[in-house]
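Please read through the structure below; I'll follow up with questions.
The values are calculated or read from the model by the stated rules, or taken from the named source; none is laboratory data. In this text, all values refer to a predicted model and were calculated from it rather than measured experimentally. Here Cβ is always computed from backbone atoms with ideal geometry, including for glycine, and neighbour counts include all displayed protein chains. What goes into the accessible areas is simple: the full protein's heavy atoms, side chains included, and nothing from ligands, DNA or RNA. Shrake-Rupley method; radii C 1.70, N 1.55, O 1.52, S 1.80 Å.
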Amino acid sequence: EWTAREILRHIASSASWYGFRLMKAAGAPEVELNTVYARLEELNVGPATSADVSTFVDALADADAILLEQSLLPEADVVREVEGKTIIRKRSTILAQSIHHATEHRAQLISALEAGGYSSINLDDYDLWAYCDKHGE
């Protein structure tokens, strides 16, 4: 029911949000947090044209870099207040969720594109094995 535009916006903003939460819990400097939060605000509006998609590609690269950096830190609790409730998650749980979330929505994005007549993307070309071949374990 979501358009490709909305799915792309959601993936990019969510990846940035997971990184922001982890950075905040790790005590990142306020200036870095403000930069990531400003990017989140920009991502609340999806790409209007195909040219705008590059902005989201850049945002995803930035979010990936933050998540990778955060994955190298020791396990820790990440505390968050939501609607008066304290929620505590492990750093590894948030990292695992960020991966699962992106995978789920990539499949949804490809389905939306295929419904629109685009069938040139094969998700089998974007698996963990190919990533490891390119970037290492």
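Given the convex hull of the Cα atoms of segment 32-107, what is a quarter of its surface area in nm²? If you can, show how the numbers build up before the last one.
Details: hull surface 25.6 nm².
Averaged projected area of segment 32-107's Cα convex hull equals 6.4 nm².
Moving on to the next point. At 0.36 nm per residue, minus the direct Cα-Cα distance, what do Glu1 and Ala51 gain on full extension? Give it in nm, one decimal, please. List each step's numbers first, then the result.
Values: separation 50, 0.36 × 50 = 18.00 nm, distance 2.34 nm.
Taking 0.36 nm per residue and subtracting the Cα distance, the gain is 15.7 nm.
What's the magnitude of the charge dipole for the chain around its Cα centre, counting Lys and Arg as +1 and Asp and Glu as -1 at the beta-carbon? Answer in Debye, nearest 20. If you can, show how the numbers build up before the last one.
Details: 12 positive and 22 negative charges, 83 e Å.
In total the dipole reaches around 400 debye.
First obtain the Kirkwood hydrodynamic radius of segment 29-74 from its Cα pairs, then insert it into the Stokes-Einstein equation at 20 °C and 1.002 mPa s, and state the resulting D in µm² per second as a whole number. Don't skip to the answer; put the middle values down first.
Values: Rh = 11.7 Å.
The diffusion coefficient I find is 182 µm²/s.
Okay, next question. Compute the length gained on full extension between Glu32 and Glu75: take 0.36 nm times their separation in residues and subtract their Cα-Cα distance, giving the result in nm to one decimal. Mind showing how you got there, number by number?
Values: separation 43, 0.36 × 43 = 15.48 nm, distance 2.11 nm.
Value of the extension gain: 13.4 nm.
On a 1.4 Å probe surface of the protein chains, which of Ser54, Ser98, Ser120 comes out largest in accessible area, and what is the full order?
Values: Ser54 65, Ser98 15, Ser120 115 Å².
So the residues, ranked largest to smallest area, are Ser120, Ser54, Ser98.
Taking only C-alpha pairs under 8 Å that are 6+ residues apart, what is the relative contact order of the chain in percent? Show your work: numbers first, answer last.
On the way: 102 pairs, mean separation 41.2, N = 137.
Reported as a whole number, the value is 30 percent.
A further question follows. Considering only protein heavy atoms and a 1.4 Å probe, what is the carbon-and-sulfur percentage of the accessible area of the chain? Present the calculation step by step, with values, prior to reporting the outcome.
Working: 5070 of 9180 Å².
The C+S portion of the solvent-accessible surface of the chain is 55 percent.
If you don't mind, another one. Taking R0 as 30 Å, what's the FRET efficiency between Ile87 and Leu123 from their Cβ-Cβ distance, rounded to 0.05?
The pair Ile87/Leu123 has a calculated efficiency of 0.45.
Over all distinct Cα pairs, what is the inverse of the mean 1/r for segment 83-122, reported as the Kirkwood hydrodynamic radius in Å? Intermediate results must be reported in sequence, preceding the final value.
Details: mean 1/r = 0.0806 Å⁻¹.
12.4 Å is the Kirkwood radius here.
Provide the gained length on full extension for the span Ala65 to Ser111, in nm with one decimal, where the gain is 0.36 nm per separating residue minus the Cα-Cα distance. Before the final figure, lay out the partial values.
On the way: separation 46, 0.36 × 46 = 16.56 nm, distance 2.68 nm.
Between Ala65 and Ser111, full extension yields 13.9 nm more.
What residue among Ala48, Ala12, Ala112 has the largest mean-square fluctuation in a Gaussian network model of the chain, using Cα springs under 10 Å?
In this elastic network of the chain, the residue with the biggest mean-square fluctuation among Ala48, Ala12, Ala112 is Ala48.
Could you do me a favour and compute the accessible area per residue for segment 1-65, 1.4 Å probe, result in Å²?
Details: 3580 Å² over 65 residues.
Averaged over the residues of segment 1-65, the accessible area is 55 Å².
Something else about it: Given just the C-alpha atoms of the chain, how large is their convex hull per residue in cubic angstrom?
Values: hull volume 18.2 nm³, N = 137.
It comes to 133 Å³ per residue, whole-number rounded.
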